[in-house]
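Every read-out reported here was derived from the displayed coordinates using simple, explicitly stated rules and does not represent laboratory data. All values reported here derive from a predicted model rather than from experimental measurement. Cβ placement follows ideal geometry from the backbone for every residue including glycine, while neighbour counts extend to all protein chains displayed.
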Amino acid sequence: MVGTGYVGLVTGVCFSDTGNDVTCLDVDERKIDMLKRGECPIYEPGLTEMMERNVKSGRLAFTTDAAGAYRDAKMIFICVGTPTGKNGETNMSYIWQAADDIGHAIKALGPNQDPKVVIIKSTVPVGTTHGVKERIERIVGDLPFSVADNPEFLKEGAAIDDFVRPDRVVVGVEDEETGKLMQELYDPFVRQGHPIFVMDVRSAEMVKYASNNFLATKISFINEMANLCEAYGADISRVREGMCSDSRIGNQFLYPGVGYGGSCFPKDTLACIMMGGQSNVPTQLSQAVHDVNQAQRRRFFEKIKAHFADDGEIAGKTLAFWGMAFKPQTDDIREAPALDIMSWCADAGATCRGFDPVAAANVQREYPGKFEICDEMYDTLKNADAVVISTDWNEFKQPDFAQMKAALKSPVVFDGRNLYRPSQMRDDGFVYYSVGRASVGGVKQLG
């Protein structure tokens, strides 16, 4: 596994758990030292325990020695990051560096080696796998090797289950033998009957983008409908019930809120927009999905501002934020809506306190001194002017409302995840704002 980030580490650990010998390679010595000590650098339920078990069995190892890792590997998975730049373009430097390193390793081993399979596991623009092949060929000449693309479909917070019980496995290959080898590798994970799709490389690369872009579209769509509900006095919860009972529509990823974040949906939507620009193919829908998502978090911030408009504006207020990760069951704060909203509130003069069960350390590192970080969820509420629910962790779903009300300076809740019933908040004496539903005791919501 080239790279011990989220994809590389989860993939390597899960492959080792089915009896494969796996070496995880990274240039980051600090991270490798952590892993050798049994410390997991990411938060993912079940990952540390599985990692420890397979290290103890001798099937899983961690190293910074590229030559040694490549020498013994039959299959090499490239799992490095492909971050999005400010202009929306995918940063491919880590992919190309990995390809060059692999090429030099194959060349050094000479003609007597068994041909290696180089698999792109990272999410990459269409055509990248062939680009990797060409770079390696320029280095190794006639020495044999093959390439494949194998996109990941791991949800942060449920990655282990997604890997060991996948809905489907997608593999893009150029030859039948590589396809058979990939099927053998994944066979233990699909014995419950889910399919392995073996297809051409470019189609496999596109499957990941198409899937994530569509899920992002569902989120932006339901948020747009929620905004219309607010404007016309409808209830998005009831609208969603009636809509999602249609079997053609389903109910997944159709929950209104402050928008999507994380490492996949924003990046992959922008990548589709970028690929469209490069090929002169209009991607108006993808652009609209991205624009709606970015506007949704800004809209929620404006809702907070509007509440305090008649009370000296937001400057000088203290706001408590429950949740800072982009979603529950992860410490990932990349593109987290909560942090945008917190930053805008702080920039407008508010004091922002935050609590998150696992992401607090990452927030402190990325935003040193900008926010007050609390170790206990009710501590954030003490003498605060309002609480903002920004991530739907389980511990926020049934809090002690009496304790909340007693701790807050004023009983105001901005619920960006629609965790509570408006009738309950009314009965308990809260001013309550949510998404796509009428406010309780507050100012008129945005039209």
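Please identify which residues in the range 21-37 have an amide N closer than 20 Å to a label point set 7 Å out from the Cα of Val164, following the Cα→Cβ vector.
Within reach of a label on Val164: 21-24.
Within the chain, what percent of beta bridges assigned by DSSP are antiparallel, to the nearest 5? Kindly include the intermediate steps, with their values, before the conclusion.
On the way: 4 of 40 bridges.
Restricted to the chain, the bridges split so that about 10 percent are antiparallel.
Of the residues Val431, Val387, Val27, which exhibits the maximal mean-square fluctuation in a Gaussian network model of the chain defined by a 10 Å Cα contact cut-off?
The residue with the greatest mean-square fluctuation here is Val27.
To the nearest 20 Debye, how big is the dipole of the range 6-199 about its Cα centre, given +1 on the beta carbon of each Lys and Arg and -1 on that of each Asp and Glu?
180 debye
Counting helices only, and only those DSSP H runs with n ≥ 4, report the 222 nm mean residue ellipticity of the chain as the sum of -39,500 (n - 2.57) divided by its residues, in deg cm²/dmol to the nearest 500.
That comes out to -13500 deg cm²/dmol.
For the range 307-323, what does the Karplus curve 6.51 cos²θ - 1.76 cosθ + 1.60, with θ = phi - 60°, yield as ³J(HN,Hα) per residue in whole Hz, taken in order and with x for Gly and Pro?
So the J values, rounded to whole Hz, are 4, 8, 4, 8, 10, x, 6, 7, 4, x, 7, 10, 10, 9, 10, 9, x.
Going by amide H atoms built from the backbone, whose H comes under 5 Å of the H on Thr351, apart from near neighbours?
Gly316, Lys317, Thr318, Leu319
Against the longest principal axis of the chain, how steep is helix 337-347, in degrees 0 to 90 to the nearest 10, with axes from Cα atoms?
Roughly 50 degrees between the two axes.
When a/c is below 1.5 the answer is rounded, else prolate if a/b is larger than b/c, else oblate, so apply that to the range 275-335 with a ≥ b ≥ c taken from the square roots of the Cα gyration tensor eigenvalues.
Working: a/c = 4.24, a/b = 1.77, b/c = 2.40.
Oblate, since a/c reaches 1.5 and b/c is not below a/b.
Roughly speaking, what is the centre-to-centre gap between the range 258-277 and the range 126-147 when only Cα atoms are used, to the nearest Å?
Centre-to-centre (Cα) distance: 27 Å.
Apply the Karplus curve 6.51 cos²θ - 1.76 cosθ + 1.60, θ = phi - 60°, to the phi angles in the range 95-101 and return the couplings in whole Hz, x for Gly and Pro.
Once θ is set to phi - 60°, the couplings for the range 95-101 become 5, 5, 5, 4, 4, 5, 4 Hz.
Choose one answer from Ala359, Ala61, Ala402: the residue with the largest mean-square fluctuation in a GNM of the chain with alpha-carbon springs under 10 Å.
Ala402
Provide the per-residue ³J(HN,Hα) series for the range 106-115, in order, calculated from phi with Karplus coefficients 6.51, -1.76, 1.60 and θ = phi - 60°, each as a whole number of Hz, with x at glycine and proline positions.
Residue by residue, the range 106-115 yields 5, 4, 5, 6, x, x, 8, 7, 6, x Hz.
As an exercise, take the mean of 1/r over every pair of distinct alpha carbons in the range 201-447, invert it, and state the Kirkwood radius in angstroms.
Kirkwood hydrodynamic radius for the range 201-447: 18.7 Å.
Nearest 0.05, what FRET efficiency do Glu395 and Leu109 give at R0 = 56 Å with Cβ-Cβ as r?
E between Glu395 and Leu109, to the nearest 0.05, is 0.60.
Take the alpha carbon gyration tensor of the chain, find the square roots of its eigenvalues, order them as a ≥ b ≥ c, and report rounded if a/c is under 1.5; if not, report prolate when a/b exceeds b/c, else oblate.
prolate
Report, by chain and number, residues whose modeled amide H sits under 5 Å from the one on Asn418, excluding near sequence neighbours (fewer than 5 apart, same chain).
Val435
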